[in-house]
Amino acid sequence: MIEFKGVKKAFGSKVVLRGVNLTVGKSEVVFIVGSSGAGKSVLVKHLIGLLRCDAGEIWLDGKEISRMREEDFYEIRKKCCYIFQHSTLFDSMSVLDNVALPLRKGRGLTVAASRKTAMERLEMVQMESYAHRFPAELGAGLQKRVAIARGLTLDPAYVIYDEPTTSLDPVSARRVDALIRDMSKRVNVTSLVVSHDLTSIFTVADRVAMLYRGDFLIDGPPAALKNSTNPVVQQYVRGQADGPMET
Ligand SMILES: Nc1ncnc2c1ncn2[C@@H]1O[C@H](COP(=O)(O)OP(=O)(O)O)[C@@H](O)[C@H]1O
Ligand SMILES: [Mg+2]
């Protein structure tokens, strides 16, 4: 379980989080929405220690991580995987070796053993036929699936997806949606998804929380977003429906 308790974060005089509270339960798929610059990435980066909060507490599986030492985050990053918005695959390595790398580094597997497990991961995301290709040969949607496969190699309990479908074509976006859903149902991962994509929200999310001016405006099932009478929420939903906002 992930718990943010009264988390505050500012950069100089710019207050980004004003004391946010959010709980994400086991194998839930929770979406974080909000306009560009609302602080969505800032919020989730606290979970892997990329940012440290100014006040409040963050708990992961009953352990406070917000005051933990940097070196202890090494273990946290194995169980809590962050899939960045932009591809972080290594261009000089095949798809298979990109996925095998965490197994060599994190588990100390041999090259052969890591490739065998990496192939199983690629099969999970139906990407085994691309194993011997290089990232640059693949489109953005396929690269994203490789990044997700790599994120799953160390069997994380938590996966944070930062704008997984932004800049993907609709067909690729829906395949990524299916993958997120599938991972949460099949391997019980808990997913925190930063997204502007209304189609994803309404097909994948168990819950949606909207960040606005440093705090959560709503936190509930996807229908709560659609049915909200709050003018800010209505405007957000209408704006997204007219055309997704790029960040
Ligand atoms: N490391 C940083 N230093 C200073 N300002 C930052 C930093 N990271 C994010 N910000 C600012 O915090 C605000 C929220 O950013 P972010 O969480 O990336 O927005 P988004 O909701 O689009 O993901 C933005 O105004 C951004 O400029
Ligand atoms: Mg962001």
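The values are calculated or read from the model by the stated rules, or taken from the named source; none is laboratory data. The structure displayed is predicted, hence computed values, not measured ones. Please note: Cβ atoms are built from the backbone with ideal geometry, for glycine as well, and neighbour counts cover all protein chains shown. Accessible surface areas use protein heavy atoms only, side chains included; no ligands, DNA or RNA. Shrake-Rupley method; radii C 1.70, N 1.55, O 1.52, S 1.80 Å.
Numerical summary
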quantity	calculated
Derived scalar couplings ³J(HN,Hα) [region 8-20; Karplus, 6.51 cos²θ - 1.76 cosθ + 1.60; whole Hz; x for Gly, Pro]	10, 8, 10, 10, x, 8, 8, 7, 9, 10, 9, x, 7
Convex hull volume per residue in cubic angstrom - Cα atoms of region 78-130	93
Cα-projected label distance for ARG238 with ALA223, points at 7 Å along beta-carbon direction, nm	2.3
Rg and Dmax of region 86-216, Cα atoms only, in Å	15.1, 50
Per-residue ³J(HN,Hα) for region 195-209, Karplus 6.51 cos²θ - 1.76 cosθ + 1.60, θ = phi - 60°, Hz, x for Gly and Pro	7, 9, 8, 4, 4, 4, 4, 7, 9, 10, 6, 7, 8, 10, 10
Nitroxide proxy distance, nm - points 7 Å out along Cα→Cβ at SER92 and ASP182	3.2
Cα-only Debye scattering, region 109-176: base-10 log of I(q)/I(0) at q = 0.18, 0.21, 0.23, 0.24 Å⁻¹	-0.71, -0.93, -1.08, -1.15
Residues of type aspartates and glutamates that LYS14 reaches as a straight line, Cα spacing below 17 Å, ignoring anything fewer than 8 places off in the same chain	ASP54, ASP215
In Å², nearest 10: area of PHE134 left accessible to a 1.4 Å probe	80
Shape category assigned to region 6-162 from the gyration tensor of Cα positions, a/c cut at 1.5	prolate
Set LYS5/LYS79; LYS9/LYS185; LYS45/LYS116; LYS63/LYS226 screened for pairs whose C-alpha atoms are more than 26 Å apart	LYS9/LYS185; LYS45/LYS116; LYS63/LYS226
Interchain or long-range residues, amide H under 5 Å from ILE83's placed H	ILE160, TYR161, ASP162
Residue among GLY39, SER94, VAL20 farthest towards the positive dipole end of the chain, charges placed on Cβ	VAL20
Average projection area in nm² (convex hull over Cα atoms of region 51-95, one quarter of hull surface)	4.8
Added length on full extension, which subtracts the Cα-Cα distance from 0.36 nm per residue, PHE134 to ASP54	24.7 nm
Highest-MSF residue in the chain out of THR165, THR23, THR229 [GNM, Cα springs under 10 Å]	THR229
Mean ellipticity per residue at 222 nm, deg cm²/dmol - from DSSP H runs of n ≥ 4 across the chain, formula -39500 (n - 2.57)	-11500 deg cm²/dmol
